[in-house]
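The values are calculated or read from the model by the stated rules, or taken from the named source; none is laboratory data. What you are looking at is a predicted structure, and each value in this text was computed from that prediction instead of being measured. Here the Cβ is made from the backbone with ideal geometry for all residues, glycine too, and neighbour counts use every protein chain on show. Note: areas computed on protein heavy atoms with side chains; ligands, DNA, RNA excluded. Shrake-Rupley method; radii C 1.70, N 1.55, O 1.52, S 1.80 Å.
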Amino acid sequence: MRGKMRAKKIKETNPMSVKKGEAVFCYCIMLIICLIALFPILWVFISSFKADLLAEPGFSLPSSIHADGYVRVFTKLGIGTYFMNSFICATLGTMISITMLSMAAYVVARFKFPGRGLITAAFMATMFVPPSALTFPIYNLVKRFNLFNTRTGLVFVYACIGIAISFMVIRNYFAIIPTELDEAARIDGCTYWQNFARVILPIARPGIMTAAILNWLQLWNEFYWSSLLIIDRSKMTVPAILSQFTTSFRTDYNGLLSAIVVIIIPPIVIFCLFSKYFIEALSGGAVKG
C-alpha cells in the first residue's frame, strides 16, 4: 500500500506528466506566435510574384505568376557585387568587434579591480545613444582619415555597432566558467594570455559564436551608415538595393519585393547553420559552475 502511494506521489510530481490538454494549448500558442512572426515573410514572398501590387493588394495569391523582378535582380542589378560588399564589411566588422570585446569581457568577468562596474556601464551606455546623435562626429572623423566612400571606413564603423549586446553576451558566458580553471592554469605555468587563448576561449566558444552571429545579422541589415558613408554604387551594400526600385514618380513593387526575398535568404541560412551555438550558449548559461 505504501509503495503504491509513493509511486502515485512520484507520478503526480513528475514534470513530464503534463496533461494532454495543457500540451495542446502550449503547442497552439507556439503555432500562433510562429504564424505571426512568419506572416510578413510569407506575404512578401507571395507578393513578389504579382505583376502589380497595387492592382492585387492584400494577402491573396497572384492571378498570374510574374518572375520579372527576380530576373532583374540577378541580371541587370548586379546583386553579386552588393552581396560581396555586405559580406566583406559585415564579416570584417564582426571579427574586429568580437575580438576586442572578447578580450575586454574576459578582463571584466574574470578579474576584480576598481572601476570594473564603470567599464560595464560604459559599454551598456552605447545602447542608448541613437545613430543620429553620432552622425556628424563619425562623418567628420571618417572624412579626416580619408576613409569616406571606402569599405575600410565602413568596416571600422561596423566594428563599433552593437557592442553593448555582444559585450554582455560574452561577459555573462565568461562569468559562468569556474574560476578553478584559472587557478589550475596558473599552477601549470600558463600566463594570462595563454589562459585566455587555450583555456577560456575554447570553453566560451558557444557564447562568442552567439554574439558574433547576432552582430553579423545586424550588420547585414544595416542601412543608415552604409548609405551615409558610401556613395559609389559599386561599393554599396545589400540594403542599398532597395533604393534602386523607387523613383520620384513610381515604385517597382515587383522588383522591390523580389530583392527583399533575395536579401533575407543569407541571414536565414546563416542562422540555420549556426543555430546549435545558440542552444549550447543557453544550456551552458543555465547552470553556473
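Every pair of different Cα atoms in the chain enters the Kirkwood calculation, which places the hydrodynamic radius at 23.0 Å.
Ranking Ser47, Thr81, Asn140 by Cα position along the charge dipole of the chain, where only Lys, Arg, Asp and Glu carry charges on their C-beta atoms, puts Ser47 farthest toward the positive end. Computed from point charges on the beta carbon alone (+1 for Lys and Arg, -1 for Asp and Glu), the dipole magnitude for the chain about its Cα centre is near 1040 Debye.
Probing with 1.4 Å while keeping every protein chain in the model, the per residue accessible area of the chain equals 62 Å². For segment 66-139 versus segment 20-44, the inter-centroid distance based on Cα atoms is 31 Å. Each of Leu242 and Tyr192 was given a label point 7 Å from its Cα along the Cα-to-Cβ line. The distance between the two points is 4.4 nm. For Thr135 and Phe25, the FRET efficiency from 1/(1 + (r/R0)^6), where r spans their Cβ atoms and R0 equals 45 Å, is about 0.40. The stretch between Ser64 and Phe223, if pulled fully straight at 0.36 nm per residue, gains 54.0 nm over its current Cα-Cα span. When +1 charges are put on Lys and Arg Cβ atoms and -1 charges on Asp and Glu Cβ atoms, the dipole computed for segment 169-217 relative to its Cα centre reaches about 200 debye.
Share of carbon and sulfur in the accessible area of segment 135-284 stands at 65%, probe radius 1.4 Å. If the chain linking Val269 and Ala122 were pulled fully straight, counting 0.36 nm for each residue of separation and taking away their Cα-Cα distance, it would gain 49.5 nm. Cα centroid separation, segment 198-215 to segment 152-180: 9 Å. When exposed loop sites are taken as chymotrypsin sites (Phe, Trp or Tyr not before Pro) in a DSSP loop with at most 12 other Cβ atoms within 10 Å, the longest stretch of the chain clear of them is 146-248.
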